[in-house]
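Asker: Have a look at this one.
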Amino acid sequence: MSNPFTYDEPVDGSDFTDREDDLDTLLSVIRNGRNAILMSPRRYGKSSLLAEARRRAEKEGVRVGVADLMGCGSEELIAQQLAAAVSRGPARGLQAVVQGLADRIARLRAGVSVTVEPTGSMRLGVAPTIEGGPRWSEVIEEVLRSLAEAARHHRVCLMVDEFQKTAEVEEEMPGIFKRMSDDGELKGVSLVLAGSKYHVMQAIVATHLQRMGTEMGLEPIPEGVMVPF
């Protein structure tokens, strides 16, 4: 017989095992517009948990965007992923929110181009001839502000997977999320910041994200649950 276990990619449906307590906690956070910080080593099921939480939250009417920062090695790429996630999820169908974000980003600094695809996804570009380039921290701030605008119309959530990349690219970048949350600029917005480099995420929480939200750590699925499954 073929191997019945899926272990090299995120799983869903009948392949998703247990994690009901973690799901309940995460869904409660999302429903109430609160924040969560999810930490786990690789292959513990973090991405599968996020996908299942997203599926269930969207069934309840929450607009969820997911930004995967795994391949992001620059501030520009991180800003691109966040903008695309917001425009595809929380701001989906909200033309005024998407266009307002595009206009604000374009005005931040010459050389930044913003394209809104027919699907609603947003793509950022930079002219290589512009000396110095844009301050991407300001672009990221505008992207996050658009979440609050979308939250006036729907319950919204932004999941940022592999969040540790923000600190690896720019040490102070995680502080943007904390400061804007503390200042009340993200009222009604749920942020789920997830990372798979456990020690890096712990350091980020200790230095930039203290008391920002519910901290969650995934443990291995107990043998008593996995064996019957």
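The values are calculated or read from the model by the stated rules, or taken from the named source; none is laboratory data. Bear in mind the structure is a predicted one, so any value in this text is a computation, not a measurement. Positions of Cβ are generated from backbone atoms using ideal geometry, with glycine treated the same way; all protein chains shown enter the neighbour counts. Note: accessible area is taken over every heavy atom of the protein model, side chains too, but ligands, DNA and RNA are not part of it. Shrake-Rupley method; radii C 1.70, N 1.55, O 1.52, S 1.80 Å.
Asker: Does segment 16-66 come out rounded, prolate or oblate by the C-alpha gyration tensor, with a ≥ b ≥ c the root eigenvalues, rounded set by a/c under 1.5 and, if not, prolate when a/b is larger than b/c and oblate if not?
Answerer: Prolate is the answer for segment 16-66, as a/c is 1.5 or above and a/b outweighs b/c.
Asker: Which residue, chosen from 29, 105, 167, occupies the Cα position most advanced towards the positive end of the dipole of the chain, where the dipole is computed from +1 (Lys, Arg) and -1 (Asp, Glu) charges on Cβ about the Cα centre?
Answerer: 105
Asker: Once every DSSP H run of n ≥ 4 in the chain is given -39500 (n - 2.57) and the sum is divided by its residues, what mean residue ellipticity at 222 nm do you get, rounded to the nearest 500 deg cm²/dmol?
Answerer: -13000 deg cm²/dmol
Asker: Which order do you get for 1, 212, 226 if you rank them by accessible area with a 1.4 Å probe, largest at the top?
Answerer: 1, 226, 212
Asker: Let me ask another. Based on Cβ point charges of +1 for Lys and Arg and -1 for Asp and Glu, what charge dipole magnitude is obtained for segment 50-121 about its Cα centre, in debye rounded to the nearest 20?
Answerer: The calculated dipole for segment 50-121 is roughly 220 debye.
Asker: Could you compute how much accessible surface residue 112 exposes when probed at 1.4 Å, giving the result in Å² to the nearest 10?
Answerer: Result for residue 112: roughly 10 Å² accessible.
Asker: Now, a different point. Are there GluC sites (Glu not before Pro) in segment 171-229 that DSSP marks as loop and that have at most 12 other Cβ atoms within 10 Å, and which are they?
Answerer: Within segment 171-229, the qualifying GluC sites (Glu not before Pro) (loop, at most 12 other Cβ atoms within 10 Å) are 171, 172.
Asker: At 1.4 Å probe size, with the rest of the protein present, what percent of the exposed accessible area of the chain is carbon and sulfur atoms?
Answerer: Here it works out to 47 percent.
Asker: Checking the a/c ratio against 1.5 first, then a/b against b/c, what shape does the Cα gyration tensor give for segment 45-119?
Answerer: oblate
Asker: What whole-number value in Å² describes the accessible area per residue of segment 14-69 for a 1.4 Å probe?
Answerer: Ligands and nucleic acids excluded, the result is 45 Å² per residue.
Asker: Would you list which aspartates and glutamates come within 12 Å of residue 197, measuring only between C-alpha atoms, while excluding same-chain residues fewer than 8 positions from it?
Answerer: 161, 162, 168
Asker: Okay, next question. Just want the answer: with Cβ charges of +1 for Lys and Arg and -1 for Asp and Glu, which residue in 180, 206, 66 is farthest toward the dipole's positive end in the chain?
Answerer: 180
Asker: To continue, here is another question. On a 1.4 Å probe surface of the protein chains, which of 154, 208, 199 comes out largest in accessible area, and what is the full order?
Answerer: 199, 154, 208
Asker: Excluding ligands, DNA and RNA, what is the solvent-accessible area per residue of segment 166-229 at a probe of 1.4 Å, expressed in Å²?
Answerer: Values: 3390 Å² over 64 residues.
Heavy-atom SASA per residue in segment 166-229 reads 53 Å².
Asker: Moving to a separate point now. Taking the Cα centre of the chain as origin, work out the dipole magnitude from +1 charges on Lys and Arg Cβ and -1 charges on Asp and Glu Cβ, in debye rounded to 20.
Answerer: It comes to approximately 740 debye.
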